[in-house]
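Worksheet for the structure shown next.
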Amino acid sequence: MFSHLPVSGILKLPCRMSSSLASALPASLLRSAAYIGGSWVRSSDSATFPVVDPATGAELVQVTDCGPKECRETVKAAAGAFQVWKEVPSKERSNLLRKWYDLMIQNKEDLARIITAENGKPTKEALGEIIYAAGFLEWFSEEARRIYGDVVSVPMKDRRALVLKQPVGVATVITPWNFPSAMITRKVGAALAAGCTVIVKPAEDTPLSALALAELAHQAGIPAGVYNVVPCSREKAPAVGEVLCTDPSVAKISFTGSTATGKILLRHAADSVKRVSMELGGHAPFIVFDSANVDKAVAGALASKFRNSGQTCVCTNRFLVQKGIHDVFVKKLAALIEKDLHVGNGFEEGVTQGPLINERAVEKVEHHVRDAVSQGARVETGGKRSTYGKNFYEPTLLSNVTTKMLCSREETFGPLAPVIKFDTEEEAMAIANSANVGLAGYFYSQDPAQIWRVAERLEVGMVGVNEGLLSSVECPFGGVKQSGLGREGSKYGIDEYLEVKYVCFGGL
Ligand code: NAP
């Protein structure tokens with residue numbers, strides 16, 4: 001069994017912090033144990049893994065490393081809690097989510113500091129993530145009260161037909177490191193509003209945000225077993241994932257991460273036919289047509305490409321620029337990158353570009369740049385590691401890029417902006433739609449007919465027209481092709497956690 005720690009003793013949890021940064025982190029929200037069935041729990045073999053500050057390489061905390069045994073126990077706790085939670089009136093569920101939201105807002109600076117420490121993104125961006133993340137709890141606290149069924153008219157005189165919406169059951173929630181808070185609340189807000197209970201497996205790099213949310217869920221009065229967090233090391237992730245995605249008591253899997261991992265989890269889901277939501281990789285095109293307002297396109301390009309140092313699934317991955325506007329666009333974008341982007345530790349004032357999450361991420365950017373340059377791409381700015389530190393890469397703009405280069409075919413997930421020159425709209429559409437994924441797509445044009453045409457023809461789940469940032473709590477987030485299944489946020493997001501039950505009343 002677990003080594004349970006009394007919830008009242010959580011402030012005294014022996015978090016082993018080794019850097020001065022960690023000691024500056026909010027002790028009131030810093031947790032290193034798993035949160036299972038309402039208790040703070042250590043893994044039975046006392047294994048731990050380090051959480052590292054990607055900016056300095058310093059170890060922040062040792063976090064408990066859960067394995068299959070802990071996961072099976074967590075599924076039991078979540079399944080038990082589901083029997084109670086599904087009966088809780090929606091107004092009460094709504095109130096609890098709202099309290100959780102209020103606590104996130106009250107603690108927003110501390111939560112943002114945790115994100116910067118474990119993920120590296122600048123504090124201003126981290127604060128933006130917290131507001132966005134909390135917004136999902138607020139939104140779904142409102143949606144909880146708007147779960148409607150239907151009365152359906154049928155041809156038989158003696159029958160009436162009803163459609164009920166019921167919670168799916170226990171949901172496994174597996175999340176990535178690039179939005180340590182928002183990827184959790186976007187799923188969990190909807191799940192809890194619907195009446196489901198959840199088990200969150202955060203990324204190895206960023207478990208502290210998930211655990212801080214658990215502390216606030218506890219303070220908000222979310223009942224034991226409704227929100228559970230099982231942190232684990234990358235080494236244990238496959239075994240943990242297998243338990244959490246095959247256990248018969250789990251009814252639903254909601255995953256955000258790479259397409260490769262998503263496919264593994266889909267295979268797990270197949271055996272027991274679980275419901276799935278998959279938010280997977282992207283390869284967003286950003287098309288600039290000759291008719292575009294070039295300054296607006298350049299500003300949109302900067303926002304869309306370099307947020308979180310290029311590490312978001314909706315970040316532009318390839319720029320397609322029409323030949324008439326190409327040279328001026330490239331010149332202005334290079335100048336703006338050099339003027340507005342500042343590499344450094346996310347805790348420092350004025351920094352816009354924090355570290356990449358780890359050295360593997362830096363190596364991928366290096367590999368893509370090397371491959372492109374070896375095939376004739378030109379470095380307009382950047383093009384190498386930053387002297388700031390090991391995990392830092394200079395914001396980079398490449399021109400003369402072709403569709404054969406790796407950066408045009410794969411998601412880079414880093415601060416690399418490759419520009420492909422094109423001639424006609426048809427050519428741009430063919431390049432944009434050649435990808436086997438389709439999450440976000442952007443384009444700049446001032447021609448109304450072209451705007452309709454291109455918005456309809458882009459094979460993606462989300463389109464930004466003359467806009468480089470498009471995520472919002474109220475709008476459906478998700479992709480087509482191998483970018484995933486289902487939608488999150490918006491009025492559609494809650495359906496991912498609801499079953500439709502038809503009830504036929506006969507003999508009337
Ligand atoms: P990843 O390697 O797939 O990891 C995502 C999560 O899955 C992590 O918690 C990871 O744990 C876990 N995981 C890995 N292998 C597993 C397995 N066999 N069984 C169970 N869990 C497993 O993705 P990433 O590199 O962290 O994230 C970047 C990717 O996510 C990009 O492709 C990006 O486009 C995509 N993304 C998509 C969206 C969207 O909404 N569509 C949003 C954000 C990111 P460990 O950390 O321990 O490996």
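What residue, of V463, V454, is surrounded by 14 or more Cβ atoms within 10 Å (Cβ to Cβ) and within 16 Å of the ligand (Cβ to nearest atom)? So the residue among V463, V454 that is surrounded by 14 or more Cβ atoms within 10 Å (Cβ to Cβ) and within 16 Å of the ligand (Cβ to nearest atom) is V463. Enumerate the pairs (first residue in the range 132-155 and within 18 Å of S472 (Cβ to Cβ); second residue anywhere and surrounded by fewer than 19 Cβ atoms within 10 Å (Cβ to Cβ) and among the β-branched types (V, I, T)) with beta-carbon separation below 7 Å, excluding pairs fewer than 6 apart on the same chain, so at least 6 apart or on different chains. Taking only residues 6 or more apart or on different chains, the pairs are A134/I105. Scanning the range 131-183 for residues that are within 16 Å of the ligand (Cβ to nearest atom), hydrophobic (A, V, I, L, M, F, W, C) and in a loop (DSSP other than H, G, I, E, B), we see that the one that is surrounded by the fewest Cβ atoms within 10 Å (Cβ to Cβ) is W177.
For E204, the criteria (1) more than 16 Å from the ligand (Cβ to nearest atom); (2) part of a loop (DSSP other than H, G, I, E, B) hold in every case but one, which is (1). If you go through the range 434-469 one residue at a time, how many are part of a loop (DSSP other than H, G, I, E, B) and under 22 Å from E129 (Cβ atoms)? Qualifying residue count, the range 434-469: 5. Of the strands (runs of 3 or more DSSP E) lying entirely inside the range 356-433, those containing at least 1 residues that are of a type outside the set (D, E) and closer than 30 Å to A449 by Cα are 396-399, 416-422. Among the residues of the range 103-145, those that are within 25 Å of the chain's Cα centre (by Cα) and basic (K, R) comprise K108, R113, K121, K124.
Restricting attention to the range 321-344, the residues that are surrounded by fewer than 24 Cβ atoms within 10 Å (Cβ to Cβ) and within 26 Å of the chain's Cα centre (by Cα) total 5. Answer yes or no: is there a residue in the range 109-116 that is on the phi > 0 side of the Ramachandran plot, touching a residue at least 60 places away in the same chain (Cβ under 8 Å) and buried (at least 24 other Cβ atoms within 10 Å of the Cβ). Checked against the condition, which is being on the phi > 0 side of the Ramachandran plot, touching a residue at least 60 places away in the same chain (Cβ under 8 Å) and buried (at least 24 other Cβ atoms within 10 Å of the Cβ), the range 109-116 yields no hits at all. Remark: S472 matches the filter, which requires a residue to be exposed (fewer than 15 other Cβ atoms within 10 Å of the Cβ), assigned to a loop (DSSP other than H, G, I, E, B), within 16 Å of the ligand (Cβ to nearest atom) and touching a residue at least 12 places away in the same chain (Cβ under 8 Å). If the condition is being within 28 Å of E279 (Cα to Cα), of a type in the set (S, T, N, Q) and either in contact with a helix residue (DSSP H, G or I) (Cβ under 7 Å, 6 or more places away or on another chain) or surrounded by fewer than 19 Cβ atoms within 10 Å (Cβ to Cβ) (or both), then the range 293-310 contributes only N308. The residues of the range 209-235 that are in a helix (DSSP H, G or I) and within 11 Å of the ligand (Cβ to nearest atom) amount to a single one, A210. In the range 236-293, how many residues are among the polar types (S, T, N, Q) and either within 13 Å of the ligand (Cβ to nearest atom) or within 27 Å of Q311 (Cβ to Cβ) (or both)? Residues in the range 236-293 being among the polar types (S, T, N, Q) and either within 13 Å of the ligand (Cβ to nearest atom) or within 27 Å of Q311 (Cβ to Cβ) (or both): 7 in total. When the range 478-494 is limited to residues that are farther than 23 Å from R409 by Cα and buried (at least 17 other Cβ atoms within 10 Å of the Cβ), the one that is nearest to the ligand (Cβ to nearest atom) turns out to be E488. Checking each residue in the range 189-201 for being within 15 Å of the ligand (Cβ to nearest atom) and either closer than 22 Å to T64 by Cα or assigned to a strand (DSSP E or B) (or both) picks out V198, I199, V200, K201. V369 falls short on exactly one of the conditions (1) closer than 18 Å to T316 by Cβ; (2) in contact with an Asp or Glu (Cβ under 8 Å, 6 or more places away or on another chain); (3) not small (G, A, S), and that condition is (2).
No lab work stands behind these numbers, since they all come straight from the coordinates. None of these values were measured; they are calculated from a predicted model. Here the Cβ is made from the backbone with ideal geometry for all residues, glycine too, and neighbour counts use every protein chain on show.
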